[in-house]
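Below is one structure, written out as structure tokens, with a few remarks after it.
Only the coordinates and a few stated rules stand behind these numbers; no lab work does. For clarity, every value in this text was computed on a predicted model and none was experimentally measured. Cβ: placed from backbone, ideal geometry, glycine included. Neighbour counts: every protein chain shown.
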Amino acid sequence: MALSFFLSSLTVISVLGYTQAGAIPHVIEREVCKFDARDFNTDSQEMIARQAPSDSSQLPKTWDPPAELVAPLKQVWDRELKSFSRSLRFKNFGFDQVIAGEGKINYCVRWDTNNTASPEDRQKTEVAIQRSFKKWMDVLAGFDGWPYDTVDVKVVGWAVKNKRLLSGDTSDVDVYTNTDSGGTAECDPRCGRFFNRDGEYSQCPGGAARHYDQSLWLSDGMDGSGAGGHWGQRVGQGYFMKTIDDDSIHIVLHEIGHTFALDGKSLSSLLLNDFYDWKPTGITKFIMNAGASMVITDFDRWMLRDWWRNLNAARYKF
């Protein structure tokens with residue numbers, strides 16, 4: 001399996017972050033999703049698929065997946081429960097964050113590079129994450145009591161090693177120059193939901209209104225890979241800027257799927273599997289199978305809906 005793990009004497013970290021708040025104050029998950037090595041920018045067939053819009057508007061509003069997806073969906077869900085018996089008790093999935101924010105999600109961008117981000121770069125970054133997040137939220141709109149037709153996504157902060165890396169006027173965002181234990185630019189933990197899951201942001205300099213629910217971590221040297229969990233998403237800075245105007249930024253979409261608990265857990269491991277060592281029967285082309293699809297597919301959509309209907313029944317009962 002193409003995974004790397006970070007272990008310390010104090011913590012064992014999973015991509016979904018099944019840890020107590022504050023247990024890893026300066027460390028983000030080290031598991032990495034590896035994608036197909038081919039060049040998606042030049043493969044003509046993938047370019048066609050890449051530009052094809054993923055449409056969720058035709059989905060039924062009740063649990064009624066296509067017949068051929070019923071069995072593979074059950075395989076995925078059964079595997080999830082066997083791998084993580086407490087999955088439904090964890091309370092910081094993307095679903096929980098949207099509901100806690102009453103239909104709003106705040107992001108902070110970790111600019112893990114020495115490149116300069118212009119005002120246009122920053123504006124496009126916000127639009128790109130809004131567009132990507134919306135593709136998943138459109139799947140839930142009107143389904144099984146999900147309370148929001150739209151989710152308001154906003155970038156409220158940027159973390160950089162040096163403020164000079166942000167050119168132009170930055171008065172519309174909070175600028176952080178914090179660094180984590182590894183020396184990487186980090187958004188202020190006092191303002192982050194990952195570190196304050198009780199929603200108490202009294203120590204955040206900007207208060208609760210300036211808190212961030214997730215981080216979009218853009219790093220040099222990560223093109224062709226990514227990471228994701230309830231803390232946010234991490235992808236290559238070069239890859240992201242090259243694809244920033246694309247309808248489907250497939251690695252970002254994949255990692256947001258992890259934020260909403262979608263994965264392919266191995267029965268022999270409590271760690272992210274990304275469907276590397278198994279596939280549901282008869283299904284291979286879907287975005288959560290790392291590198292297999294450039295767009296969100298119907299199988300991905302019904303996996304997300306399956307999670308929500310089970311989480312709703314167990315906890316929210318909308």
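Here are a few things to note about the model shown:
- Segments 87-96, 290-299 sorted - mean Cβ within 10 Å per residue, highest first: 290-299, 87-96
- Structural size metrics of the range 133-286, computed from C-alpha coordinates, are Rg and Dmax of 17.4, 52 Å.
- Our Cα-only numbers for the range 197-284 put the radius of gyration and Dmax at 16.1, 51 Å.
- A convex hull fitted to the Cα coordinates of the range 33-316 yields 132 cubic angstrom per residue.
- Per-bin percent of Cα-Cα distances, the range 96-183 [5 Å]: 3, 13, 22, 19, 14, 13, 9, 5, 2, 0
- Ordering 164-175, 222-233 by mean Cβ neighbour count within 10 Å, with the highest value first, yields 222-233, 164-175.
- With the cut-off at under 13 Å, measuring from each backbone N in the range 86-128 to a point 7 Å along the Cα-to-Cβ line of Asp172 picks out 118-128.
- Look at where the Cα atoms of the range 60-124 and of the range 279-294 average out, and the two centres are 17 Å apart.
- Inter-label distance, nm, simple model (7 Å from Cα along the C-beta direction), Arg190/Gln58: 5.2 nm
- Projected onto planes of every orientation and averaged, the convex hull of the alpha-carbon atoms in the range 172-225 covers 4.8 nm².
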